[in-house]
Amino acid sequence: MSSGAHSAQVSKFIRLLHIYSSMLVLVLLLFFAATGITLNHPDWQSSLGAESKALELQLPEQLKQLPWTEDQLQQAIQAEKIALWLRDEHQVQGAVFNFSVEPDEQLLELDFKRPAGYSSVLIELETGRVELTTEYAGTLALLNDLHKGRYAGASWKWLIDITAIACLLFGISGFYLLWRQPSRRRSGINTALFGVLLLLVAYLTALH
């Protein structure tokens, strides 16, 4: 294969990479761009969809009778059983789940964290009385927290990484395709340098 034919195949591959890497993350790229603006303007915060509620519940008898010891593994297993009941029966949501047990006072605290909200649960193990408090900061706070990956769980963090890699491929392949066009190379590089200059000016200005 001649060098010219090889170069044409590489260019074709890079062009396809450029197109499909952008298509893969098109919606996500628009999402992160839009929420980047809202994150940069916290004064735009909206309470649309925000809610707060407090409930008193009772543990089912089978959960109330769980034995609680100092064994941390057993505590984790039993706390997970109660967390599962709260998720299934009372729609408690949270990608991040923590708990703490005070055997002497017979108290169990569960903490569910999710983007733009949390649920706090205090359980009296002896009586089975449950205090459930849920806070949700609203739709805009949800979008902003998803942008940051805050309390969104491992799957969302992987999605952010995949989006970032696709954007890198999109940018690098775009630069390669520009470099392969001599008539546009100079203006393209000057535009890139102007972007770097804007970055430096904004950074230096921010320091003062």
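The values are calculated or read from the model by the stated rules, or taken from the named source; none is laboratory data. Computed from a prediction, not measured in an experiment: that's the story for all the values here. Positions of Cβ are backbone-derived with ideal geometry, glycine not excepted, and every protein chain shown enters the neighbour counts. Only protein heavy atoms, including side chains, enter the accessible area calculation; ligands, DNA and RNA are left aside. Shrake-Rupley method; radii C 1.70, N 1.55, O 1.52, S 1.80 Å.
Side notes on the structure shown:
- Residue count, the range 77-92 (criterion: among the small types (Gly, Ala, Ser) and on the phi > 0 side of the Ramachandran plot): 0
- Each residue in the range 161-191 was checked for being open to solvent by less than 90 Å² (accessible area, probe 1.4 Å), touching a residue at least 12 places away in the same chain (Cβ under 8 Å) and either farther than 23 Å from Val10 by Cα or among the basic types (Lys, Arg) (or both), and 2 pass.
- Selection within the range 110-159 - touching an Asp or Glu at 6+ places or on another chain (Cβ under 9 Å) and exposed (fewer than 15 other Cβ atoms within 10 Å of the Cβ): Leu122, Arg129, Glu131, Glu135
- Exactly one residue out of Gln62, Gln75 is among the polar types (S, T, N, Q), within 30 Å of Gly149 (Cα to Cα) and out of contact with any helix residue (DSSP H, G or I) (no Cβ under 8 Å at 6 or more places or on another chain), and it is Gln75.
- Any chance Gly174 is at pLDDT 85 or above and over 23 Å from Val27 (Cβ atoms): no
- Ile165 falls short on exactly one of the conditions (1) more than 30 Å from Gly49 (Cβ to Cβ); (2) among the aliphatic types (A, V, I, L, M); (3) not in a helix (DSSP H, G or I), and that condition is (3).
- Against the conditions (1) in a strand (DSSP E or B); (2) closer than 29 Å to Ser47 by Cβ; (3) touching a residue at least 40 places away in the same chain (Cβ under 8 Å); (4) not charged (D, E, K, R), Ile123 satisfies every one except (2).
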